[in-house]
Structures are given as structure tokens and as C-alpha cells.
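To start, the structure under review is shown below, and the notes come after it.
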């Protein structure tokens, strides 16, 4: 697909049962003689040549198909048709596709390869972006997922609407992926900034997928976000899968004990042990398989925050946001908020795993908006209509941990603690010496059993 395969070959590789939808719209230019809304000289002839070259009537094909077992509406671009450009008739087709998705309650998959808006249709072409954005918004409001595959190239309005506006963005290796097309960039621009790899590093793409793996990866995403068997005409938020996720069982530290810690400082030491199981171990034990989101869509990623969707062994889909024991950066909080809001819209329960000494507090974090990012995570949890379950698996450090903790449904393992602040910081604020840190830990009542007694957590989970 990175070699710009014909659109039919792309569709055959993903959904062999592709059935094209009616094109929609009028017949302007259908015979190859009309020169479009601007009466652009030679436009009709160019369209006729594009049809002869590709065998297609427009730059976009829309229809239904089954991707690795999950039905979906597919929007696929033919780059050889006038550079996959968006014009009025392409807008007609995309609108028809979204209407079909809402009527049949199907997810939307956009297979994008476009240079942007069609010059020969002027502002009529550009306003199709508003039309596409409106249809995407209606589909989003209907509780249906939208996934994009960025092929080569994905630029201009196609990236800014169908691509970047999707819930999950996959990209093919080496694909050009940018708002600025190749012919309108500054001559001294760094080419890497316009590629899929750079966009992944900047948190704008969730994963780069080789063509041979695309069907399987896309199929797993579709099965997670649009589970089969959802009753037509109903909102996912009303379905049975909105029951709360069960908290994972405690995995326990090798050679450790499931007994509660005897002192506050003992609880801190257990939570900070390098041998204690981390988020990855919990996620592996909890899910049969999972797919991860990457990045906050604002230019940042946090490798210490895992966010995505997984399939439990009982067949349920659960969303997860997991801290991995490091200070959580603004990008981590924004990615978690993105995950929670997507799960809420799709009616999928959420599991959060708390394990952080706190929010990152260095100068880079402040410049990146630490306060607003933490506020965004608090707001996403507070606004969530789906149930959220939290398990504290290690350090619960102050507001950076509380921002991902479910009010009224937080649990803890014997290896965890939760505190208003780290004991060392509390001692410093209270002007106590280093020899008072252990006593301060006791005074904070941060042990699992203390937290149960205080009503901060519901209970301590066992192995």
C-alpha cells in the first residue's frame, strides 16, 4: 500500500466482500465534458482521463465490507484519480458513507491517500472539508468509532478531517503525513517533520503498521471498539458491557507477602520495590489481547502512561489507562483524558492503574501545561458516564495519582500506598528533619488498611 496500490487492490486486501454504496449527488461532469462549478478549462477532459486511467468515477470509493470479521463502512481514496483530491462529488460520497454508518450502526474506516482539495473546483472543493467535518461529528455523536489509515500521501484537508479527526490513526511505513502538501512547504523544511515516523513521535499517530499486518491490526481495533452483536438502532452506552470492570487481582512481589504492611514506611518501601509487578504485568494478566493509543494529539507522548482497549477472556472490551511507575507528564494526562472520553462516547467501561510518585514537576512539564493537563484528566473522570474502576498497584503520589483514580470505586493491592504527598516532601514542608520521614509516613496513614478505614479506597484486593 505504501507503493500507492490501486484502490480496489487496497480494498481487496482488507475486505474481500466490499460492496460499493450509491455514489450520491448529481451527474455534473459524469460524461467528462462539463468543466465543473468554476467552468475551469480542461477540467472535464482531466476527469475523463482520470476515469480512463483508474476505471473509477471519482477519487473516493465508499461502501461496506467485513474487515477480519467485523462489518464496517469503508471510505477509500484512489490517488491516481487527480491526486485523490476532494471535490464536490467526493463530498457527496463521503456524506453517503457516514449516513450509511449511522443508519446501520457501523464503524467508519477511512483509507486515505490524498493531496488535498481539488484546485479546479476552488472554494466549492474547500468547503467539502466543512461538510466532511459535520458528518464526522454526527457519527461521533451517534457513539460510533472512526478509524483512519494514513497511506502515502495523506496531506491537506484529508489529513485535517478524515485523518486527524479520527479516534484511532494508523499509518503505513514511510507515508507522507502532514497538513502541508509537498509542493507548498518551505524549501528549507525538514522532510522528517512531514512523515509518519515524526507524527508517531509527536503523538499524532497511534501506530505505524506494515501493509502485511494492516488487516489483522485494523480487525482487532474494530472488534474492540465495535463489538459484534450490538443491537441496531441502540446506543452502545445502553448496552450490557457498561457494567463496571472488575479490578485485577494482586500479582504480588516474588518472594514477598500478601500481608498488609506494618508501618507507613514499610508500605512506601514495598510500593517502591524494583521487584514489584508493574502495569505491563497487570495488563498482560488481565487481557487476552489489547491495542494501544499513543499520544495526546497535541505534540506529546509519555512512555510511562499506557492507554488503550483490551479484550477480556470473557469477551468484554475494557478501556485502560495505566501509569507505569514514573512521574506522569502533561502528555500522559492528556492521553489518559483522550482515552477516557473516547471510551465514554463508545459506552466502554474504563480501568485505570495508578502507579506514580506524582505528576512531573520539572520545568519542561510546567512549560507543557502540567496544571491544565492534570485538570483535563480530573475533568474527564468527573464527566464520564461509563463506570470507571481503579486499582492502585504501587505508589499513589498526590494529585498526579488522584487524577486517574475513580471516585468511589478505587481499590488497592497490598503493595500500594496513597498519600496526599510523599513522606519526604511532607517532612520538608513541615520543617521536619530527615530522621522524621518514617514517622511522617506513619502519621499520613497511607497504608492500604488505613485507606480502607478512612473510606478512600473500597478494599484491598488479594492474589
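Legend: ranking of residues 320, 286 from fewest to most surrounding C-beta atoms inside 10 Å; resulting order 286, 320. Note on residue 379 and residue 341: their simple-model spin labels are 0.8 nm apart, each label 7 Å out from Cα toward Cβ. What separates the Cα centres of region 252-316 and region 99-147 is a distance of 37 Å. Highest mean packing comes first when the peptides 449-458, 119-128 are listed by Cβ atoms within 10 Å, giving 119-128, 449-458. Per-peptide packing, taken as the mean over residues of other Cβ atoms within 10 Å, places 294-307, 88-101 in the sequence 88-101, 294-307 from highest down.
The length gained by stretching the chain between residue 179 and residue 8 to full extension, at 0.36 nm per residue less their Cα-Cα distance, is 59.0 nm.
The calculated pair-distance distribution of region 7-225 uses every alpha carbon pair, bins of 10 angstrom beginning at 0, and gives 9, 36, 37, 16, 2 percent. Using 7 Å Cα-to-Cβ label points, what is the residue 215/residue 133 separation (nm, one decimal)? Calculated label separation equals 3.7 nm. Taking 0.36 nm per residue of sequence separation and removing the Cα-Cα distance, the residue 17/residue 284 pair yields an extension gain of 92.7 nm. The packing ranking of peptides 58-67, 43-52, 431-440, highest mean first, is 58-67, 43-52, 431-440, where packing means the average number of other beta carbon atoms within 10 angstrom of each residue. The label point for residue 201 and the one for residue 243, both projected 7 Å from the Cα toward the Cβ, are 4.6 nm apart. Computed extension length for residue 124-residue 259: 41.7 nm, one decimal, from 0.36 nm per residue of separation with the Cα-Cα distance subtracted. Output the 0 to 90 degree angle, nearest 10, between the alpha-carbon long axis of helix 43-54 and the longest principal axis computed from the alpha carbons of the chain. With rounding to tens, the tilt is 70 degrees. The residue 431 and residue 292 beta-carbon pair, evaluated with R₀ = 56 Å, returns a calculated FRET efficiency of approximately 0.80.
With a Förster radius of 41 Å applied to the C-beta separation of residue 442 and residue 363, the computed FRET efficiency comes to 0.75.
Here, each number is a calculation from the coordinates, and none is a lab measurement. What you are looking at is a predicted structure, and each value in this text was computed from that prediction instead of being measured. Cβ coordinates were reconstructed from backbone atoms using ideal geometry, including for glycine residues, and neighbour counts include every protein chain displayed.
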